[in-house]
Amino acid sequence: MSSQYVPLTAEQAAKHRTRVTLLGTAGGPPWWDGSDRSGISTAITVNDSVYLIDCGEGWGPQFRKSGLGPAGFQKGLDNMRAVFITHHHSDHMVDYPNLLLLAWHNGSDGLQRPIKVIGPGDRGTLPPIFAEEKREHLPEVFNPDSPTPGLVESTERLLQAYALDINDRMRDNAKQDLREIFEFEDIQLPADTGRDPNGDPTPAMEPFEIYRDENVRVSAILVDHRPVFPAFAFRFDTPDGSIVISGDTGVCRNLVRISEGADILLHECIDMDWVDGLMGPDSPKPDPNLMQHMLAAHTAIEQVGPQAEAAGVKTLVLTHLVPGNTPVEKWEKAQVGFSGNLVVGEDLMHFGLGAAANS
């Protein structure tokens, strides 16, 4: 394969019109012992405009450290165009409030246009109770009036929770209304998509466009992170190449479809030996049902390479690593079954697409 991509320094990457920056590469909610990986978040930059994917823990400080942005870049959000959320799990959204509530202090006054925030819509129905027959106590439904909200409703409720701070900033510090700084949008599935959250959450489908500007065309497709629905992978087609973000998913035909011919595929990965140690037959609390449940929702080291090979991608970058403290040498086993270039992602790793400008 040609045009394989290798990690660059921030200075090297800045010479490329299109670049990818891994802000955080840890997956899952735990604070991983012995790891300094930040929560999952990725930035794609085209013509100095930034597109953020997911808001895992610590994405903001990582963004400041990343060196992204044009000459004279000082604050943070000056050149952010859009934000995309793959799915509504806490490790992908826990620092979403920071994006909204700290915008005033990190560059929103330099924006030329509102930042678009695009994410999954309402699930539509509650997920089933896993292993219900084994539960001593069944959970009460949280927020029964709206138990599965989409991005727009979740954001409105979040802003309501911080009403005191928001009103104080606007009244005392003359800050701009946040609803003028951001525009929020639920991703609408195509009308002919079979919607079956508790059955088949990933019906065969074609990628569909969710965003376009002068720099990028962004398309989405449903992926298999059951019981989470909707869960999306995103493809960014730029003048210099294509980048796919897998989101959280098990082995999935839709992921292969949206990744076909991509230059870089950023794919989640889970160490099933770690899962086996937690709940396998020789663990303190064996739970084969839960083990299979986790495997269905994530992609094991042994499965990632063949998935990338089927899509014909040039470079496979592992991110959303679970657990975040598994040694790099183990993740490198994902090369098996993949003839392209494998990179184990690290925080603040950069990739450049297209020709580098002369310095």
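Laid out as a table, the results:
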| read-out | value |
| --- | --- |
| Residue in the stretch 118-130 that is at negative phi, surrounded by fewer than 19 Cβ atoms within 10 Å (Cβ to Cβ) and in contact with a His (Cβ under 8 Å, 6 or more places away or on another chain) present | yes |
| Evaluation of Arg217 against (1) out of contact with any helix residue (DSSP H, G or I) (no Cβ under 7 Å at 6 or more places or on another chain); (2) of a type in the set (Lys, Arg); (3) more than 22 Å from Ser49 (Cβ to Cβ); (4) surrounded by 14 or more Cβ atoms within 10 Å (Cβ to Cβ) (one fails), failing number | (3) |
| Exclusive hit being farther than 29 Å from Ala14 by Cβ and in contact with a Lys or Arg (Cβ under 6 Å, 6 or more places away or on another chain), set Ile301, Ile258 | Ile301 |
| Any hit, the stretch 123-131, residues being of a type in the set (S, T, N, Q) and closer than 18 Å to Phe229 by Cβ | yes |
| Strands (runs of 3 or more DSSP E) completely within the stretch 10-79 that count 3 or more residues being in contact with a Ser or Thr (Cβ under 6 Å, 6 or more places away or on another chain) and buried (at least 24 other Cβ atoms within 10 Å of the Cβ) | 16-24 |
| Filter result for Phe229 (farther than 28 Å from Leu77 by Cβ, touching a residue at least 40 places away in the same chain (Cβ under 8 Å) and of a type in the set (Phe, Trp, Tyr)) | yes |
| All positions within the stretch 324-337 that are crowded, with 21+ Cβ neighbours inside 10 Å and assigned to a loop (DSSP other than H, G, I, E, B) | Gly324 |
| Residue list for the stretch 161-170, restricted to those being surrounded by fewer than 14 Cβ atoms within 10 Å (Cβ to Cβ) and touching a helix residue (DSSP H, G or I) at 6+ places or on another chain (Cβ under 9 Å) | Ala161, Asp165 |
| Selected residue (only one of Ala262, Ala231 is at pLDDT 95 or above, small (Gly, Ala, Ser) and either touching a strand residue (DSSP E or B) at 6+ places or on another chain (Cβ under 6 Å) or over 23 Å from Ile118 (Cα atoms) (or both)) | Ala262 |
| Members of the stretch 236-290 found to be farther than 27 Å from Leu23 by Cβ, outside any helix (DSSP H, G or I) and among the charged types (D, E, K, R), listed by number | Asp282, Lys285, Asp287 |
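The values are calculated or read from the model by the stated rules, or taken from the named source; none is laboratory data. Bear in mind the structure is a predicted one, so any value in this text is a computation, not a measurement. In this analysis, Cβ positions are derived from the backbone assuming ideal geometry, glycine residues included, and neighbour counts consider all displayed protein chains.
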